[in-house]
Structure formats: structure tokens, C-alpha cells
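Engineer: Starting off with a structure, shown below.
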Amino acid sequence: EKMAKNMRVVLLGPGLVGRAVCNLLKTSRQTHAARYGLKFNVVSLIDSSGFVGAKGGLEDEMVESALGWKLEGKKIAEFKEGGSKADIQAALDFVGLDSDVCVVDCTGSDATTPVLAEALAKGCGVVTANKKPMCCPISTYEKMA
């Protein structure tokens, strides 16, 4: 049996939708590996206040704890187990964007538009539940197409 390719997931917006995405990735891990040869590891959770991350992947318990923290209305920057007040660019630089990264946008903000364009330019996968980045100048949209 061949080893699954490790895909590093950067989640923008760890609210209710982001929480559901993380839960689906966790509960579908064996299916993704068996059917598609992929193993998804959440490496960073980013909100407007900061991020929590681990280059090799956050442990499931840490992801669950951080998502619970957000569910209580708290900021990721103040997460008791390692939140950072770094901005989104610093969070992405920490992870390192490349073709093994999938950026998942679960925000409701157009502030992620340049992030998604950068991620695509660096060969990352991008998944978005957020419609706002698609409502941008055509020149920006064409960079993402």
C-alpha cells in the first residue's frame, strides 16, 4: 500500500463553517487516503486577530481545542495553547505556501482576496465558501482564474 500524499491545510476563518470543515477532514481521513491517496493535516487556523500553527501539522486535539476557544467567542491570538498576534501574511510565511498546501477560506471577508491570489500564484490549492473574493476587479479575478 502506497503512502498518502500529505496536504497541509491552512484554514482562514475557524468559525462554524471552518469547524465543520475541520471535522469533515478528520472524520474522512481514512477515506481520503484510501480513495485519493491524500492525507489532510491542518497546519494553521487563522482569524482576524492572529493564528495558531505547526509546520508539521496541528494535532487533532489542538485543532479541537482552538475551535472550541473560537466557539466561546475568543480570539485565536489569545489562544492559551500557542496563539500568535501575527497578521495573516506572517501566518502564511510561517507555514510556507507551496503545492502541498491547500488554503481553505471560510471567512465572510474580502480581505482574503490577495491571500487567495498569492496562494494560487504559488501553486497552492484554494477552496472557498466565501463569495466576496470573487466580487473583485476583473484584473484580480483573472489572477485567480
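The values are calculated or read from the model by the stated rules, or taken from the named source; none is laboratory data. Only a predicted model underlies this, so the values are computations on that prediction, with no experimental measurement involved. Positions of Cβ are generated from backbone atoms using ideal geometry, with glycine treated the same way; all protein chains shown enter the neighbour counts. Just so you know, the surface numbers come from the protein's heavy atoms only, side chains and all, with ligands and any DNA or RNA stripped out. Shrake-Rupley method; radii C 1.70, N 1.55, O 1.52, S 1.80 Å.
Engineer: What lysines could a cross-link reach from Lys39, if we take a straight Cα to Cα line under 20 Å and drop same-chain neighbours fewer than 8 places away?
Structural biologist: Correct list for Lys39: Lys2, Lys5, Lys26, Lys55.
Engineer: Tell me what the chain gives for mean residue ellipticity at 222 nm when only DSSP H runs of n ≥ 4 count, each as -39,500 (n - 2.57), the sum divided by the residue total, rounded to 500 deg cm²/dmol. Walk me through the numbers on the way to the answer.
Structural biologist: Working: 6 runs with 56 residues, N = 145.
So the calculated ellipticity at 222 nm is -11000 deg cm²/dmol.
Engineer: Which of Leu45, Leu12, Leu71 ends up with the largest GNM mean-square fluctuation for the chain, with Cα atoms connected below 10 Å?
Structural biologist: Leu71
Engineer: So, taking all protein chains as they sit and a 1.4 Å probe, how much accessible area belongs to Thr27, in Å² rounded to tens?
Structural biologist: The value for Thr27 is about 110 Å².
Engineer: Rounded to the nearest 0.05, what FRET efficiency do Asp93 and Thr27 give with R0 = 35 Å and r taken as the Cβ-Cβ distance? Could you check? Could the numbers behind the result be given before it?
Structural biologist: On the way: r = 31 Å, r/R0 = 0.87.
E(calc), rounded to 0.05, equals 0.70.
Engineer: Just to be sure I understand: of the beta bridges DSSP finds with both ends in the chain, what percent are antiparallel, rounded to 5? Spell out each step's value before the answer.
Structural biologist: Working: 5 of 22 bridges.
The antiparallel proportion sits near 25 percent.
Engineer: So, one more: Using a 1.4 Å probe and counting only protein heavy atoms, arrange Leu97, Leu16, Leu67 so the residue with the most accessible area comes first.
Structural biologist: Highest to lowest solvent-accessible surface, that is Leu16, Leu97, Leu67.
Engineer: Given a 10 angstrom Cα cut-off, can you work out which residue in Val127, Val104, Val95 is the most mobile in a GNM of the chain?
Structural biologist: The residue that fluctuates most here is Val127.
Engineer: Moving on to the next point. Roughly speaking, what is the stretch gain from Met3 to Ala77, that is 0.36 nm per residue apart minus the C-alpha to C-alpha distance, in nm to one decimal?
Structural biologist: Net length gain for the segment: 23.2 nm.
Engineer: In µm²/s, what is D for the chain at 10 °C and 1.306 mPa s, where D = kT/(6 pi eta Rh) by Stokes-Einstein and Rh is the Kirkwood radius from Cα pairs?
Structural biologist: Estimated via Stokes-Einstein, D reaches 103 µm²/s.
Engineer: Follow-up. State to the nearest 20 debye the size of the charge dipole of the chain about its Cα centre, where the only charges are +1 on K and R beta carbons and -1 on D and E beta carbons.
Structural biologist: I would put it at about 300 debye.
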